[in-house]
Structure formats: C-alpha cells, structure tokens
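Have a look at the structure below before the remarks.
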Amino acid sequence: MYEKGVMVVASYQGNNYLGKVIDHDEADGELQITFMEQQHTKAGLTFKWPYREDVLWMSPDAILKEIQELKPVGKSKRAFVVSKDDQYLFH
C-alpha cells in the first residue's frame, strides 16, 4: 500500500496525473490523492501545486507508478520536474 506523502502517477479518465497520497481509507482501500497541474515551460514539462486543491479518492489500481524524486526548477522553485525516465508517463 502507498504511504501518506508518497508521490504517484495516477490514471484518471484516460489521462495520467502527478499527485501526492494524503490519506488512506482502511475500510474500502481507496487512497486520497491531491494532484498537481501539468505545464509546458522553458524548462520542459513541469508540475506545480494548483491554487485550489484538486483532491480525489481513487482505487490503488489507478496508480501507475510511485515517483521517487521531484526536482524544483525556476527562480521561485515552485515548479517541479520528474526524472527523464518518468516523463513518458505524461505524453
């Protein structure tokens, strides 16, 4: 099972999204995930936290992969990139 705070790629309505596990419902096994926004910038494909939280309860079956590391980019360091090995998940 995925621990709270773990970054994951989840599939939702035919698209893949990057998010963080924030809760786990023991009764039904679902995970509560807060999602990041995806952007295409000079730094390439980046992710940032939205102004309004985007949260869903999801089945663990929707999780495609756990992301080990996000690298901050830009002057403010509020945008992040995933490793080159993981970028294929978002195209």
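Laboratory data are not the source of any read-out in this text; all were calculated from the coordinates shown. No experiment lies behind these values; they were computed from the predicted model shown. Neighbour counts are summed over all protein chains in view; Cβ atoms, including those assigned to glycine, are modelled from backbone coordinates with ideal geometry.
Just a few scattered comments:
- Within the chain, the longest run free of exposed loop sites, counting trypsin sites (Lys or Arg not before Pro) that sit outside DSSP helix and strand states (H, G, I, E, B) and have at most 10 other Cβ atoms within 10 Å, spans 1-41.
- Remark: spin-label model distance Lys4-Leu56 equals 2.3 nm, labels positioned 7 Å along the Cα→Cβ axis.
- Contact order relative to length of the chain, as percent, for alpha carbon pairs under 8 angstrom and 6 or more apart: 26
- Within the chain, longest stretch free of exposed GluC sites (Glu not before Pro) [DSSP loop, at most 10 other beta carbons within 10 Å]: 27-52
- 10 Å-binned pair-distance histogram of the chain (Cα, whole percent): 16, 51, 28, 5, 0
- A simple spin-label model places the labels of Ala27 and Gln13 2.6 nm from each other, with each point 7 Å out along Cα-to-Cβ.
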